[in-house]
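Report on the following structure.
The values are calculated or read from the model by the stated rules, or taken from the named source; none is laboratory data. A quick note: this is a predicted structure, and the numbers were derived from the prediction, not measured. Note: ideal-geometry Cβ built from the backbone for every residue, glycine included; neighbour counts use all protein chains shown.
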């Protein structure tokens, strides 16, 4: 795609004529605000690119218009607060991503809003007291040995 337009705004369309993707290319790379759309015309995603990588806040939407994912990209990958939602708008999961894994408080829910899991991750590992499917568990952080 970047071979076709070197600089400036662009638009791509679904076979049905609906807008699929709009954004900007700068020096052959995606750069600036970007939006994609479902075939029914509903917004599918909105975010920003910098030098060809996603950067900053991003939102994805179900084809019914309900929010699906809300997060933040840093250097092309998710970093920071992250939430997903069911098609009915109910929160599915909430947590924080760091270095490619969960870190900090984490919760997940059923479509009706009932709690599935709740606990804390440290560097991608479950740690401390967790509630899973109504039962309580305690996890200890793995022993890490550093050799000099």
| task | Could you tell me whether residue 107 is part of a strand (DSSP E or B) and over 29 Å from residue 33 (Cβ atoms)? | result | yes
| query | Looking at region 116-139, which of the residues that are modelled with pLDDT under 85 and touching a strand residue (DSSP E or B) at 6+ places or on another chain (Cβ under 7 Å) is nearest to residue 103 (Cα to Cα)? | reply | 139
| query | What number of residues within region 18-42 satisfy the criterion of being more than 24 Å from residue 6 (Cα to Cα) and surrounded by fewer than 17 Cβ atoms within 10 Å (Cβ to Cβ)? | reply | 4
